[in-house]
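Below: one structure, written as structure tokens.
The values are calculated or read from the model by the stated rules, or taken from the named source; none is laboratory data. Everything numeric here is computed off the predicted structure, so don't read it as measured data. Methodologically, a virtual Cβ is constructed for each residue, glycine included, from the backbone with ideal geometry; neighbour enumeration extends over all protein chains shown.
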Amino acid sequence: MPLSLKTEEFKRQVAAANVSGNLDAPEGGFDAIMQSVVCQEIGWREKARRLLLFSTDSGFHYAGDGKLGGIVKPNDGQCYMEDGEYTQSVHQDYPSLSQINAKIKEHHVNIIFAVTHDQIDVYEKLANELEGCSSGRLESDSSNVVQLVRDQYDKITSKVEIKDNIANNNIQITYSSKCLSDKVEKTNTCQGLKFGDSVAFDAIIEIKSCPKDRSEWNQTIEISPVGLSDKLVVNLEMICECECEQPWNEERDSQKCSGGMGTFECGICNCYENRYGRQCECDAKDTDQAKDEKGCYFPNDTKPCFGRGDCRCGVCECHPRENRDEEVTGKYCECDNFSCDRVDGQLCGGPDHGNCICGQCECLDTWTGPDCNCRDRNDTCLAPNGKICSGNGECTCGQCKCSETDTERYSGLYCEDCPTCPGKCDAFKDCVLCQVFQAGPLSEAECNSNCSFLAIQAPHIEVTEEGQKLCIFKDEDDCKYTFIYKLEQDNNYIVKAKNERECPEPVNILAIILGVIIGIVLIGLALLLIWKLFTTIHDRREFAKFEKERQMAKWDTGENPIYKGAVSTFKNPTYGGKQ
């Protein structure tokens, strides 16, 4: 039955379908997947996202298992459905993983494997091998099938992955995208997308080398998102030879090549046998050791050609390297592109940082240093006070190097910490007083304008994280105030203050008795308030979570057309009712 809105007909067809089984545990599900993908009877729309739900509680047969039944003919990946039955089950072997993967890529189908808990590990590995597929755990009674499909659909549609059909080493395609951020990264995948989001990818096509087979100089590159039929077709024509290399542009026995000792083409001499040199001026048969080799010595060097080449007729010929990406160059073979400083095994910190030119790193913009691993910027050293490294150090390679003296030793991300210094306790004291206790020398207006932070109130204060500083001070009434502060990664201070000051009280028996009675009442009220507070917070969080899920939902809200309620009501036509 093709795709249709006739739900009752669909239910009837499913109920009338023939059920078959295997004598062994694995199932022949690969045959069903292959036929569902390649047969046209389903009626996919050309631009539709094609989802195939595969539900099972067992393993699967794959290519090669057909030999157990004497079937040796490989699966050809064609459609063999007649009247709803597969006709090649005893004639062709099961499909292989690569065949299934090739067909779902060709037809842009996403498969969702809904399997029981004992098979989930196997099908998770299978889904990782197939492009654009996912897997989920199905309850034994299939009660979560709708939610499973919804979750897997969200997982598939919230991710865009760009693929191409290039399978050789001669062409390299590099993808980059901002996805949903403001930073461009090298990636072919964007995740966390919602309905209506738009992302753009940039593709750089680079020819690494020319194929030896001339027929491969013209290629068609197809770039497309996984699971969708849209694609970008690029007709690539490689220029692997120059016009000057054509036979009619050759100058054989050219006078430019030492009087006819070679063929002059593309501006250079292609020497004949036993001749070499730039102009074929050297004779390989000449064994005269009196040749002038002074031109092969670098000033003040004792070896010709730096020991990395041979002096031929007064000219250095540098030795080739085993690694074709490495080369020795220069008049005296003094330069190379592989002896520069490395960072994590990459020359000059990698191609994004710099290039190795003649044994030295030439850094790209925003990078510096001998190995191009230092940021040529100081904004990462800017402290919340607007000063570089808080005025207590220097910015080197994008990081603060803090100053040290006999009495002061600064540390921290922005050199803001000093164990031997007073710290920020005095600077934050007045703001804590006015924000938490509405006290202190600052007025309400001054408090709002001068305080760059909002103190968080808490009943108990203690240092629990690295970088937190504890501050304790007393006022004129000998009451103690406690707060902690910490500098976060976003250059903002987080201040937590104890919401009650600690004041000494004189011993008063009557007050103690009354305090105990009042304390019991207050504790009861406090418990009630705390209970009410927690329930209110919990209800608000649950409601916010519900609102978030409702806003993010991509499914139309409506009743499942094939759902049938658990209660049915029938009226007895012979029942006369109350007389």
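Quick check on my filter: what residues within segment 354-401 are of a type in the set (D, E, K, R) and closer than 22 Å to Ile494 by Cβ?
If the condition is that a residue be of a type in the set (D, E, K, R) and closer than 22 Å to Ile494 by Cβ, then Asp379, Lys387 are the ones that fit.
Regarding Ser449, is this residue surrounded by fewer than 17 Cβ atoms within 10 Å (Cβ to Cβ) and at pLDDT below 85?
Here the answer is yes, as Ser449 does meet what is asked.
Yes/no per residue for (1) of a type outside the set (Phe, Trp, Tyr); (2) modelled with pLDDT of 85 or more; (3) in the same structural domain as Cys415 (by the TED database); (4) touching a Cys at 6+ places or on another chain (Cβ under 6 Å):
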{"site": "Val521", "(1), (2), (3), (4)": "yes, yes, no, no"}
{"site": "Trp531", "(1), (2), (3), (4)": "no, yes, no, no"}
{"site": "Ile537", "(1), (2), (3), (4)": "yes, yes, no, no"}
{"site": "Pro561", "(1), (2), (3), (4)": "yes, no, no, no"}
{"site": "Thr574", "(1), (2), (3), (4)": "yes, no, no, no"}
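Being aromatic (Phe, Trp, Tyr) and farther than 16 Å from Gly29 by Cα is the filter here; which residues of segment 44-79 pass it?
Passing the criteria: only Trp44.
Inside segment 137-193, can you point out the residues that are under 28 Å from Leu126 (Cβ atoms) and of a type in the set (Lys, Arg)?
Hits for segment 137-193 are Arg137, Arg150, Lys155, Lys159, Lys163.
If you check Phe306 against the conditions, is it aromatic (Phe, Trp, Tyr), in the same structural domain as Lys331 (by the TED database), within 46 Å of the chain's Cα centre (by Cα) and more than 30 Å from Leu51 (Cβ to Cβ)? Full working, then the answer.
Numbers: aromatic (Phe, Trp, Tyr): yes; in the same structural domain as Lys331 (by the TED database): yes; within 46 Å of the chain's Cα centre (by Cα): yes; more than 30 Å from Leu51 (Cβ to Cβ): yes.
Answer is yes for this residue.
From Lys178, Lys103, which residue is surrounded by 12 or more Cβ atoms within 10 Å (Cβ to Cβ) and in the same structural domain as Ala200 (by the TED database)?
Result: Lys178 is the single residue among Lys178, Lys103 that is surrounded by 12 or more Cβ atoms within 10 Å (Cβ to Cβ) and in the same structural domain as Ala200 (by the TED database).
Filter segment 190-223 down to residues that are in a strand (DSSP E or B) and crowded, with 16+ Cβ neighbours inside 10 Å and give me whichever is nearest to the chain's Cα centre (by Cα).
Selected residue: Cys190.
Tell me, which helices (runs of 4 or more DSSP H) lie completely within segment 1-119 with 3 or more residues that are closer than 27 Å to Ser158 by Cα and modelled with pLDDT of 85 or more?
Correct list: 29-38, 97-107.
Report, by residue number, each residue of segment 261-275 that is exposed (fewer than 14 other Cβ atoms within 10 Å of the Cβ) and free of Cβ contacts under 8 Å to residues at least 12 places away in the same chain.
Selection gives Glu273, Asn274.
I'd like the full set of residues that are in contact with a strand residue (DSSP E or B) (Cβ under 7 Å, 6 or more places away or on another chain) and not in a loop (DSSP other than H, G, I, E, B), limited to segment 314-357.
Cys316, Glu317, Cys318, Val328, Thr329, Cys335, Asp336, Leu347, Gly354, Asn355, Cys356
Residue pairs, Cβ under 6 Å, 6 or more apart or interchain, first in segment 126-149 and within 22 Å of Lys103 (Cα to Cα), second among the acidic types (Asp, Glu) and not in a loop (DSSP other than H, G, I, E, B). List them.
Going by the 6 Å Cβ cut-off, the qualifying pairs are Ser135/Glu124.
Could you give me the residue pairs with C-beta distances under 7 Å whose first residue belongs to segment 303-318 and is modelled with pLDDT of 80 or more, whose second residue is of a type in the set (Ser, Thr, Tyr) and assigned to a loop (DSSP other than H, G, I, E, B) wherever it lies, and which are 6+ apart or on separate chains?
Between residues of segment 303-318 that are modelled with pLDDT of 80 or more and residues that are of a type in the set (Ser, Thr, Tyr) and assigned to a loop (DSSP other than H, G, I, E, B), the close pairs are Pro304/Tyr297; Cys305/Tyr332; Phe306/Tyr332; Cys316/Tyr332.
Are there any strands (runs of 3 or more DSSP E) wholly within segment 382-499 with 1 or more residues that are of a type in the set (Asp, Glu), and if so which?
Counting at least 1 such residues, we get 393-396.
Just to check your reading of the model, which residue among Tyr272, Tyr297 is more than 30 Å from Gln360 (Cα to Cα), in contact with a Cys (Cβ under 9 Å, 6 or more places away or on another chain) and among the hydroxyl-bearing types (Ser, Thr, Tyr)?
Values: Tyr297 fails: more than 30 Å from Gln360 (Cα to Cα).
Sole residue among the options that is more than 30 Å from Gln360 (Cα to Cα), in contact with a Cys (Cβ under 9 Å, 6 or more places away or on another chain) and among the hydroxyl-bearing types (Ser, Thr, Tyr): Tyr272.
I want to confirm something. Restricting to segment 452-462 and keeping residues that are closer than 19 Å to Thr482 by Cβ and not β-branched (Val, Ile, Thr), which single residue is surrounded by the most Cβ atoms within 10 Å (Cβ to Cβ)?
Residue satisfying both the conditions and the ranking: Ala455.
So, in segment 501-552, exactly how many residues are of a type in the set (D, E, K, R), surrounded by 10 or more Cβ atoms within 10 Å (Cβ to Cβ) and either under 30 Å from Lys194 (Cα atoms) or over 47 Å from the mean Cα position of the chain (by Cα) (or both)?
Qualifying residue count for the region: 9.
For segment 150-163, does any single residue satisfy the condition of being surrounded by fewer than 19 Cβ atoms within 10 Å (Cβ to Cβ), modelled with pLDDT under 90 and over 14 Å from Gly227 (Cβ atoms)?
yes
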